[in-house]
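Participant: Can you read through this structure? Questions will come right after.
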Amino acid sequence: MKRLYYILFCLLFFCQLRGQQATLIIIPEKENKEISYQFSDSEHLPFYTLFQTKQAEPDGVFHISLPVQQPVVLNLLTEDRLSFRVYLTKDSHDTIRIRNNQPFFSGTNTIYNQCLQEIQKTEEYCHSISYSKHHELHAVDSLKEFTQIVNNKQAELITFLKGQNVSSDFIHNQSHIINCMFTHLFYKKILNLYNNRKITDEWLKEIKKQLSFDFQEGANLCYSEYERMLYMNTTINYFIIEKHSPQDIDRDKINTFLLNEYKKKRTGKYLEYAWASLIYNDIFQRDFSEDIPSLYDQFCSEFPQSEFIGILSPEIEKIRQFHHIPETSNNITILPTDTILKNLEEAVHPFIGKIVYIDLWGTWCGPCQKMFAYSKALKNATKEMDIIYLYISLDRPENRDKWKKMVYYYKLEGYHLQAGITLAKSLYASLGNKGMLAIPQFIIIGKDGKIAIEKAAAPDNLEKVVEQLKQVSNE
């Protein structure tokens, strides 16, 4: 009889869960093989590499069902890098159609989703001040004018939310996110003024007020840039208010410095979240910082039951390996950093008579490191072609040790050159655009030592690279 009751209880529990499923149907404009998603809450670190994935149905449509008891926001990311948010509630059914790279909503939570879309548009407005010279606040140095524009924007968005038929809880939670967005915008402006030496006493007074932002408010943990905002708060206080010099911080222990600062104002789950985010940010950026394993060990001691440990642990072992990798290989040649080299032609002169495939990269460049996974396959496919593989790093001289470690860690067989200042300037001038050089960049040099293909295919496009190498070889 007890067993029968147990079975009935399980069936009832299962049926109850099924009745609490929030269902999404996503109809993309063009083919996407998969879509990524993650809840926006304090239980999840906001890095897209940690998102779950869903495969498309044969008809190209995505069907996602998730257990939901309380209203929650879901972050979604398509293969086309379109990101948007969806509001999920118990038993909700919503459809998202993507047209012209924009989501259009229908279903249970249409109004909520349209509100989230408006908030996301404003968030992009706040973020874009960092990279757009056409931003309306970019050249605004007057605190009064800046504050007036920002306050009006924020008030308009809050008024818009209150004018919609949405719950007070939704407005309350999203108001916190909106406050985060505009405080983050202020931090970005402050750093811009600091770099251009335009901070006045009036701005300094306002900075102290903005730095009092409450990072111990639970709703703020749902802000996607929480860790970045905390970092900026810390650095603004340290360099601008306390007037420390950048030389006061050991470059190899920047994360240790940040954590010690975080500990001064954060406790409990807020410190746990900030600490885990700090560690994973280094992992996400592929920085391989030397102090990260130690900070991870301290984190495990401080929060032994943290769910974040399972996320961090596998990646930490890679960082430990990175710093203990033996720097020996018969197939890796580290060339001396020759400050006399003036241009690319001089750099490839020793290889005259051979085809050279050049990989321009830097240790700070995540996309560059992703390409290394395809190096072995490319070399296997071209082993009969006698190709010279030359990796040119744009790292500064002080990063030489890290550069060498990365070469051996990724087992990059070939020749390696760390560009001196003169060569680096020449590469930026000849291959870049208005002083900017996008990397990774791949170049094929002909047997005459001249550039044959300036923007060659990347190693992840194996067939195209082999075709280009054959083409140059036959010329």
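The values are calculated or read from the model by the stated rules, or taken from the named source; none is laboratory data. Quick caveat, the model's predicted, so the values are computed rather than measured. Please note: Cβ atoms are built from the backbone with ideal geometry, for glycine as well, and neighbour counts cover all protein chains shown. For the accessible areas, the whole protein counts, side chains as well, though only heavy atoms, and no ligand, DNA or RNA atoms are used. Shrake-Rupley method; radii C 1.70, N 1.55, O 1.52, S 1.80 Å.
Participant: When you scan the range 35-86, how many residues do you find that are of a type in the set (D, E, K, R), closer than 28 Å to D282 by Cα and part of a loop (DSSP other than H, G, I, E, B)?
Facilitator: Qualifying residue count for the region: 5.
Participant: Moving on. For the range 360-389, how many residues meet the condition of being within 16 Å of Q468 (Cβ to Cβ), assigned to a loop (DSSP other than H, G, I, E, B) and either in contact (Cβ under 8 Å) with a residue 60 or more places away in the chain or among the basic types (K, R) (or both)?
Facilitator: Of the residues in that region, 2 qualify.
Participant: Moving on to the next point. Output the number of the condition that Y194 fails; it satisfies all remaining conditions of (1) in contact with a Phe, Trp or Tyr (Cβ under 8 Å, 6 or more places away or on another chain); (2) under 30 Å from K30 (Cα atoms); (3) assigned by the TED database to the domain that holds N220; (4) open to solvent by 70 Å² or more (accessible area, probe 1.4 Å).
Facilitator: With (1) in contact with a Phe, Trp or Tyr (Cβ under 8 Å, 6 or more places away or on another chain); (2) under 30 Å from K30 (Cα atoms); (3) assigned by the TED database to the domain that holds N220; (4) open to solvent by 70 Å² or more (accessible area, probe 1.4 Å) applied to Y194, the lone miss is (2).
Participant: Return a yes/no flag: does the range 213-232 have any residue that is farther than 25 Å from M181 by Cβ and open to solvent by 10 Å² or more (accessible area, probe 1.4 Å). Even if it seems obvious, please write down each step before you answer.
Facilitator: Just the residues of the range 213-232 that are farther than 25 Å from M181 by Cβ, to begin with: none.
For the range 213-232, residues farther than 25 Å from M181 by Cβ and open to solvent by 10 Å² or more (accessible area, probe 1.4 Å): absent.
Participant: Give the range 303-348 a look and list any residue that's of a type in the set (D, E, K, R) and within 20 Å of W403 (Cβ to Cβ), or say none.
Facilitator: K318, R320, E327, D338
Participant: Residues of the range 288-310 being touching a residue at least 40 places away in the same chain (Cβ under 8 Å), outside any helix (DSSP H, G or I) and out of contact with any Lys or Arg (no Cβ under 9 Å at 6 or more places or on another chain), which ones?
Facilitator: E307, F308
Participant: Then there's this: In the list Q441, Q418, Q468, which residue meets the criterion of being crowded, with 16+ Cβ neighbours inside 10 Å and touching a Leu at 6+ places or on another chain (Cβ under 6 Å)? Talk me through it step by step, then tell me what you get.
Facilitator: Details: Q418 fails: touching a Leu at 6+ places or on another chain (Cβ under 6 Å); Q468 fails: touching a Leu at 6+ places or on another chain (Cβ under 6 Å).
Going through Q441, Q418, Q468 in turn, the sole match is Q441.
Participant: Going by the conditions given, is F186 farther than 28 Å from W361 by Cβ and not in a helix (DSSP H, G or I)?
Facilitator: Considered against the rule, which asks whether it is farther than 28 Å from W361 by Cβ and not in a helix (DSSP H, G or I), F186 comes out as no.
Participant: Something else about it: Take the conditions closer than 30 Å to I27 by Cα, at pLDDT 95 or above and not in a loop (DSSP other than H, G, I, E, B) and apply them to Q114. Does it pass?
Facilitator: Yes.
Participant: Additional query: In the list E398, E467, E475, which residue meets the criterion of being assigned to a loop (DSSP other than H, G, I, E, B) and either in contact (Cβ under 8 Å) with a residue 24 or more places away in the chain or not basic (K, R) (or both)?
Facilitator: Details: E398 fails: assigned to a loop (DSSP other than H, G, I, E, B); E467 fails: assigned to a loop (DSSP other than H, G, I, E, B).
Of the residues listed, the single one that is assigned to a loop (DSSP other than H, G, I, E, B) and either in contact (Cβ under 8 Å) with a residue 24 or more places away in the chain or not basic (K, R) (or both) is E475.
Participant: Among the candidates T53, T49, which residue alone is under 27 Å from G310 (Cα atoms), in contact with a strand residue (DSSP E or B) (Cβ under 8 Å, 6 or more places away or on another chain) and among the β-branched types (V, I, T)?
Facilitator: T53
Participant: Right, next: Please give the number of the condition E307 fails out of (1) closer than 18 Å to A456 by Cβ; (2) acidic (D, E); (3) not assigned by the TED database to the domain that holds N461.
Facilitator: Failing condition for E307: (1).
Participant: So in the range 311-327, with the set limited to residues that are without any contact (Cβ under 8 Å) to a residue 40 or more places away in the chain and over 20 Å from the mean Cα position of the chain (by Cα), which one is farthest from Y262 (Cα to Cα)?
Facilitator: My answer is H324.
Participant: Which one of K188, K153, K209 is free of Cβ contacts under 8 Å to residues at least 24 places away in the same chain and either under 28 Å from D282 (Cα atoms) or open to solvent by 40 Å² or more (accessible area, probe 1.4 Å) (or both)?
Facilitator: Details: K188 fails: free of Cβ contacts under 8 Å to residues at least 24 places away in the same chain; K153 fails: free of Cβ contacts under 8 Å to residues at least 24 places away in the same chain.
Selected residue: K209, the only one of K188, K153, K209 that is free of Cβ contacts under 8 Å to residues at least 24 places away in the same chain and either under 28 Å from D282 (Cα atoms) or open to solvent by 40 Å² or more (accessible area, probe 1.4 Å) (or both).
Participant: May I pose another question? For residues that are under 22 Å from D282 (Cα atoms) and not in a helix (DSSP H, G or I), scanning just the range 311-346, find the one that is most open to solvent (accessible area, probe 1.4 Å).
Facilitator: Looking at residues that are under 22 Å from D282 (Cα atoms) and not in a helix (DSSP H, G or I), I get H324.
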